[in-house]
Every structure is written in structure tokens, then in C-alpha cells.
1. For residues that are of a type in the set (D, E, K, R) and more than 15 Å from Glu26 (Cα to Cα), scanning just the stretch 112-146, find the one that is nearest to the chain's Cα centre (by Cα).
2. The conditions are (1) closer than 17 Å to Trp37 by Cβ; (2) surrounded by 15 or more Cβ atoms within 10 Å (Cβ to Cβ); (3) not hydrophobic (A, V, I, L, M, F, W, C), and Thr144 fails exactly one of them. Which is it?
3. Out of all the residues in the stretch 118-162, which are in contact with a His (Cβ under 8 Å, 6 or more places away or on another chain) and within 14 Å of Val45 (Cα to Cα)?
4. Only one of these is small (Gly, Ala, Ser), within 19 Å of Ile64 (Cβ to Cβ) and part of a helix (DSSP H, G or I): Ala140, Ala147. Name it.
5. I'd like to check something: does the stretch 96-107 contain any residue that is within 27 Å of Pro18 (Cβ to Cβ) and acidic (Asp, Glu)?
6. Look through the stretch 147-170, keep the residues that are among the aliphatic types (A, V, I, L, M) and more than 15 Å from the chain's Cα centre (by Cα), and return whichever of them is surrounded by the most Cβ atoms within 10 Å (Cβ to Cβ).
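Bear in mind these aren't lab numbers, they're just calculated from the coordinates by the rules spelled out. As the structure is a computational prediction, the values presented were derived from the model and not from experiment. Quick reminder, even Gly has a Cβ in these numbers, built from the backbone with ideal geometry, and neighbours come from all protein chains shown.
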Amino acid sequence: MNTILAAVFLLAQTASAPTLKSILLEQLKTTHNKQDWFVPAVKAVDGLTFEQATWREGTANHTIAQLVSHLVYWDTANLAKFKGEKPPAYTNNDATFVPIADKASWEEAVRRLDAVMTEWEKVVEAADDQKLKSFYSTIAHISTHNAYHTGQILYIRKQQGSWDPNKGVK
């Protein structure tokens, strides 16, 4: 038993500790396209038709397409701030849940979601520690926000019967 404990201790001593960058990247990737504890956003919208993306039960809830528009807006706005650019115009949060009008717009929204999430990973990877320290809370909240709304997308897909339980959450 002492040999095993010694080996674990030695491994712990030589293994590199996680960094702020590695933690933020792991969060971004697992909410984007790397399935780990839960289904990531790209997998959650994969294969959805325009009709499924715009389906709504009642009028009080958002459609999947509106949730994707909302995620694209906030991920893009915060990315612009991180890069020192002007974020898109903002009036109120409700206005970020933009309805999608047609199949081509839905496909573009899915592409934009993947693109902005990929760009976040690239800029975090390239950022120095000082930049990450000044923005770590926002980046962590982006991942949480993405996971929250991805959960809503999966819930809607389960309600409408368009979720394949073999893809993750059952």
C-alpha cells in the first residue's frame, strides 16, 4: 500500500497543475463541441430541421432557434469586448431572442454559433495571463450561460420527440 501512495504522490508532484487558461478552455470546449458531463451546444442542435428549431409549445417559451440567436448574440458581444472591439447594439435582453425566418437563416445561425464558440477558444488559447485574469469571470459565465441554454434546447427537443437519447442525455 505504501508503494501505491508513494506513486500517487510522485505523480501529483510531477503533473502540471491546471492553469486559468486550461480551466477556461475546458469549460468553453465542453459547452461547445466536446461531450463530457453533458451534451455540448453543437451536438444539441445537430440535425435539427428549421421546423423543429422553430417549434414552440405555447407562447410563453422560446424556440430553439431563438435560444441559438440569444447565445450567438451574447457570445459575440462579449467576444467583441474581449478583443477591444465595439459590441453589437443592445436594447434589452428580450431583443436578443431573435426569431429565425427560414431554413437558410436557421442554418446560418447554427454556423454562427459554432463559429463564435470556436473563436472564443482561439482567443483564450492565444491570450496572455494578464488578459485572462481581467476577463476570467466573464469567460466562466459565458460557459455557464451556454450550458444553461443548451439544457433548454435539449428539454425542448425531448418535448417534441426530436432528441435521440443515444446522443447523450437520456
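1. Asp114
2. (2)
3. Scanning the stretch 118-162 gives Asn146, His149, Gln152.
4. The match here is Ala147.
5. Checking the stretch 96-107: not a single residue is within 27 Å of Pro18 (Cβ to Cβ) and acidic (Asp, Glu).
6. The selected residue is Ile156.
One line per residue, one yes/no per condition, for (1) of a type in the set (Ser, Thr, Tyr); (2) touching a residue at least 24 places away in the same chain (Cβ under 8 Å); (3) on the phi < 0 side of the Ramachandran plot:
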residue	(1), (2), (3)
Ala109	no, yes, yes
Thr118	yes, yes, yes
Lys122	no, no, yes
Ser137	yes, no, yes
Arg157	no, yes, yes
Pro165	no, no, yes
Gly168	no, yes, no
